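What follows is a set of notes on a single structure, which appears directly below.
The values are calculated or read from the model by the stated rules, or taken from the named source; none is laboratory data. Everything numeric here is computed off the predicted structure, so don't read it as measured data. Using ideal geometry, Cβ is built from the backbone for each residue, glycine included, and neighbour counts are taken over all protein chains shown.
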Amino acid sequence: MKFTGFDFPGLDFYSHPPGSHAGLLTGVVVDSGDGVTHICPVYEGFSLPHLTRRLDIAGRDITRYLIKLLLLRGYAFNHSADFETVRMIKEKLCYVGYNIEQEQKLALETTVLVESYTVSIFGI
């Protein structure tokens, strides 16, 4: 196979369904990249491509939303110039919370979720 000219950021090949190494043969694979998210069910080790769904919401949208939240808190960003900086902040500090009520309680009542991030200027 030849992929030159397609500007692929990466490619994974699986000889087994993802998760099968842990004994999981049935589930859902969520593959979210920079520009698109695919959701594919897997049953008994076989993917069901006819049920695969595409969402045009992915990492880039999360970065844009984080910029919006930071602007609301008073941080100044030049949207185009600082997009990469905010993407790095997102990748270093953001995560998916499993229990939204618990996360909100922690955010309101403690400083456990507060993190600082130092931005280098001109790569220094």
- request: Sort out which residues of the range 39-74 are touching a Leu at 6+ places or on another chain (Cβ under 9 Å) and loosely packed, with under 12 Cβ neighbours inside 10 Å, and write them in order of number.
  value: Glu44, Phe46
message: Scan the range 114-123 and tell me whether some residue there is surrounded by 13 or more Cβ atoms within 10 Å (Cβ to Cβ) and at pLDDT below 90.
response: no
- prompt: Given (1) under 26 Å from Val112 (Cβ atoms); (2) outside any loop (DSSP other than H, G, I, E, B), where does Val96 come up short, assuming only one miss?
  reply: (2)
